[in-house]
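The values are calculated or read from the model by the stated rules, or taken from the named source; none is laboratory data. These numbers come from a predicted model, not from an experiment. Heads up, the Cβs are rebuilt from the backbone with ideal geometry, glycines too, and the neighbour counts pull from every protein chain shown.
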Amino acid sequence: MDRNRICAALLPALVLAACGPEPTGAPENAATPAIEANVGEEAGVPPLPAPAAPNMAEPDLTPPALTPEAERGAEGARNVLLSFARAIELKQFGQARSLLSPADQRKWSRAEFAAIFADLGKITVAIPDGAIEGAAGSSYYTAPVSVTAHDKDGRPVRIEGNAVLRRVNDVEGATAAQTRWHFETLTLDWTH
């Protein structure tokens, strides 16, 4: 017999042997971690991440990175405000509160902040364009905030206020956090 015929004759036997039962003591469907790890390492392929549990993770509403020039201007301030608005609309109140200043976080505990919006149906947050003003090494961006929704009885609700964001201009000694736009103050008042 030539070599090709020998291989062709042995191939079905090898396939059947590979599909045979697990060796004694190994549970059915058990993976061999050492082999899997070596295959990935040898191929230079990083291992796949474990699949996330469905609906268990909150969306990441961190403001996206901008170019340094855009970050310094109104676009940078709007970036933070739009992340805040999206968090409120998605009822991710903890993420929205985390964007607030330490003073506003003291003003509203987690529970108090969430309670402002908790009984509201589909929430819409509108934050029209604001204005930038400069003062003593800092820039301030002030914009109106309007939250509309319906309460649990179907009555319309409107919450209005102002958001003031601040960033320290690029002065010597300023930290990276200070030179990014961040909430200075937020006011929210029920109008009806």
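Here are some conditions: (1) over 30 Å from Ala57 (Cβ atoms); (2) within 19 Å of the chain's Cα centre (by Cα). Ala77 meets all but one. Which one does it not meet?
Going through the list (1) over 30 Å from Ala57 (Cβ atoms); (2) within 19 Å of the chain's Cα centre (by Cα), Ala77 breaks only (1).
Part of a loop (DSSP other than H, G, I, E, B), touching a Pro at 6+ places or on another chain (Cβ under 7 Å) and exposed (fewer than 12 other Cβ atoms within 10 Å of the Cβ): is that true of Pro64 in this structure?
No, not satisfied.
What single numbered condition from (1) over 19 Å from the mean Cα position of the chain (by Cα); (2) surrounded by 12 or more Cβ atoms within 10 Å (Cβ to Cβ) fails to hold for His182?
Status for His182: all satisfied but (1).
Take Arg97 and decide whether it is surrounded by 11 or more Cβ atoms within 10 Å (Cβ to Cβ), at pLDDT 95 or above and within 26 Å of Arg167 (Cβ to Cβ).
The answer is yes for Arg97.
Using the structure shown, decide if Ala118 is assigned by TED's automatic domain parsing to the domain that holds Thr185 and either basic (Lys, Arg) or loosely packed, with under 13 Cβ neighbours inside 10 Å (or both).
Here the answer is yes, as Ala118 does meet what is asked.
Inspect region 126-133 for any residue being touching a strand residue (DSSP E or B) at 6+ places or on another chain (Cβ under 6 Å) and β-branched (Val, Ile, Thr) and give the result as yes or no.
yes
Within region 100-115, track down each residue that is crowded, with 18+ Cβ neighbours inside 10 Å and farther than 20 Å from Ala177 by Cβ.
Phe113
Okay, residues lined up against (1) in contact with a Cys (Cβ under 8 Å, 6 or more places away or on another chain); (2) closer than 26 Å to Gly73 by Cβ; (3) in a loop (DSSP other than H, G, I, E, B); (4) modelled with pLDDT of 95 or more:
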{"site": "Glu112", "(1), (2), (3), (4)": "no, no, no, yes"}
{"site": "Gly134", "(1), (2), (3), (4)": "no, yes, no, no"}
{"site": "Ser139", "(1), (2), (3), (4)": "no, yes, no, yes"}
{"site": "Gly154", "(1), (2), (3), (4)": "no, no, yes, no"}
{"site": "Ile159", "(1), (2), (3), (4)": "no, no, no, yes"}
{"site": "Arg167", "(1), (2), (3), (4)": "no, yes, no, yes"}
{"site": "Asp170", "(1), (2), (3), (4)": "no, yes, yes, no"}
{"site": "Gln178", "(1), (2), (3), (4)": "no, yes, yes, no"}
{"site": "Phe183", "(1), (2), (3), (4)": "no, yes, no, yes"}
